[in-house]
Amino acid sequence: MSAFIGVDVGGTKVATARLDEGGMGAQYRQPTVLTDTGRLVDEFVDLIGQAAEGRSYDAVGVGVPSIVRFATGEAVSTANIPSLVGAPLRDVLSERLGVPVFVDNDATVAAWAEAHDQEFKLVCRNLVMITVGTGIGGGIVINGHIFRGASGGAGEIGHALVGVATEPDIPFSTGTFPEPGSLEALAAGRALDRLASAQAKGQPDSALGRAAAVGERVDGQAATAAATAGDPDAQAIVRRWAHALGIGIANAINTFDPEEVVIGGGGAAAGELLLEPAKEIADGYVLPGLRGLARVRRARFGPEAGVIGAALLARDELRR
């Protein structure tokens, strides 16, 4: 029986699970080792062993929050895990484990998972995934294959510029990322945090303002809770957040003409409160010849998309 191990690496935790003919096994997790590459590799090996549960496996897939050179599994740029940078993970882990290892971007492998159904069969050949979390990531599937671009960096949808002024007196790039006016700056979870904080300060009589006055935490989660409860002020800032995401969705549709645009990450927990206005806004920006064709939906695998996609990466790359 063929079996594969998926590893999902995040800024706070590493998760592993085994995929075989019986489906996905239990997940094993540990806090991510952020600053020591050797200890991080040791952590991967330990967690892979836990996920294997004493049984053999054929290959390992690893998803990391980085731009990855797929041939070597080297992370060349990463936002929050310095211990990843420069390590040839594919070769190092293959030598430690004695099986082939494949390393890719975490949002890319999540997109690969979402192109499959619950029985792990490929059901969508053209898909764009946008992961809305602390930042924004993305993955692209074209004609039934992961699209990585020339250097492995394709899918950095969060850095698409959706709100940048171009008048002559506007300064050039700040040189920092996310750039003001990028999709990540305007539609990531941190953007909603900022909108919530600004409303609490500027509108002390609003629900968020009253919460701040009694010492409650005011952030994006508080804003979505207030909006869900029917507060019109909170609903207004959630819609503003959704507007930016909607422009990003429209850009994805106009650029790639996908069958599906999938919204994942922690922000997707806002559900229809985010998706309905985002879809409505996107529809207005999509070209008439493309309008109404792409399905926009939440990720079916939720927070497990990364570890599932990593295991599927191992399965499909080994077969290829």
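The values are calculated or read from the model by the stated rules, or taken from the named source; none is laboratory data. These numbers were taken from a predicted model, which means no experiment stands behind them. Because the Cβ atoms are built from the backbone with ideal geometry, glycine has one as well, and the counts that use them run over all protein chains shown.
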It is to be established whether one or more residues within region 26-35 are more than 16 Å from ASP106 (Cα to Cα) and of a type in the set (Val, Ile, Thr). yes
Which residue, of ALA299, ALA252, ALA269, ALA310, is at pLDDT below 95 and within 16 Å of the chain's Cα centre (by Cα)? ALA269
Let me spell it out: the conditions are (1) under 14 Å from ILE136 (Cβ atoms); (2) free of Cβ contacts under 8 Å to residues at least 40 places away in the same chain, and ASP219 meets all of them except one. Which number is the exception? (1)
Tally of residues being of a type in the set (Gly, Ala, Ser) and buried (at least 17 other Cβ atoms within 10 Å of the Cβ) across region 270-305: 6
Breaking point among (1) touching a Leu at 6+ places or on another chain (Cβ under 7 Å); (2) at pLDDT below 90, for VAL141: (2)
So which residues in region 292-320 are of a type in the set (D, E, K, R) and in contact with a helix residue (DSSP H, G or I) (Cβ under 6 Å, 6 or more places away or on another chain), if there are any at all? ARG298
